[in-house]
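Read the structure below first, then the notes.
The values are calculated or read from the model by the stated rules, or taken from the named source; none is laboratory data. Everything numeric here is computed off the predicted structure, so don't read it as measured data. Note that we place each Cβ from the backbone using ideal geometry, even for glycine, and neighbour counts take in every protein chain shown.
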């Protein structure tokens, strides 16, 4: 009796180096510390991001100074322009030569007093919300999120569009905070 052979269909995970590059671009943008590590004398405290489907992605990292570093906090904004040719300055901040030409990343930073940052952190600390929320799915629109790091504890919330109705207070905080942070870099 012979053993029958059966061909098993396999699923293609990535079809090309372009797909791999797209995954890398997204991963690096969602993990900007890999692209641009935490500056010496600081620790990451808060991350906030806005990733529209058809516009420039923005990520803000808020860094708390270590005790010996001084009183000024640092806010770093990382932007990813989609579908445009990078300027010479943006080319210098490219992730790697393998990343496709539809990506340009720019990193800017400013110092900010502790009072400004403490205001947003206190507002965020006052928000209470369920960890599990309704599942929202979409193709276009905006992905948003917040990640807070305090010592050994951390929390990360991400959503699409207007966010789950159970997280409305967090979504309002996010909108207010990103407006303020954007204003720091567009004066």
*Give me the pairs, please: first residue somewhere in region 66-86 and within 20 Å of residue 41 (Cα to Cα), second residue anywhere and crowded, with 17+ Cβ neighbours inside 10 Å and modelled with pLDDT under 70, beta-carbon distance under 6 Å, and either six or more positions apart or on two chains.*
78/32
_What pairs come out if I take residues in region 162-184 that are on the phi < 0 side of the Ramachandran plot and without any contact (Cβ under 8 Å) to a residue 24 or more places away in the chain and pair them with residues that are exposed (fewer than 14 other Cβ atoms within 10 Å of the Cβ) and assigned to a helix (DSSP H, G or I) whose C-beta lies under 8 Å away, six or more apart or interchain?_
none
*Number of positions in region 59-71 that are modelled with pLDDT of 85 or more, in contact with a helix residue (DSSP H, G or I) (Cβ under 8 Å, 6 or more places away or on another chain) and within 20 Å of residue 151 (Cα to Cα)*: 4
_Looking at residue 41 and the list (1) at positive phi; (2) modelled with pLDDT under 80, which single condition is not satisfied?_
(2)
*Segments classed as helices (runs of 4 or more DSSP H), wholly inside region 73-187, with at least 2 members that are in contact with a helix residue (DSSP H, G or I) (Cβ under 9 Å, 6 or more places away or on another chain) and modelled with pLDDT of 90 or more*: 114-125, 168-185
*Can you tell me which residue among 4, 22 is in a loop (DSSP other than H, G, I, E, B), modelled with pLDDT under 80 and out of contact with any strand residue (DSSP E or B) (no Cβ under 8 Å at 6 or more places or on another chain)?*
4
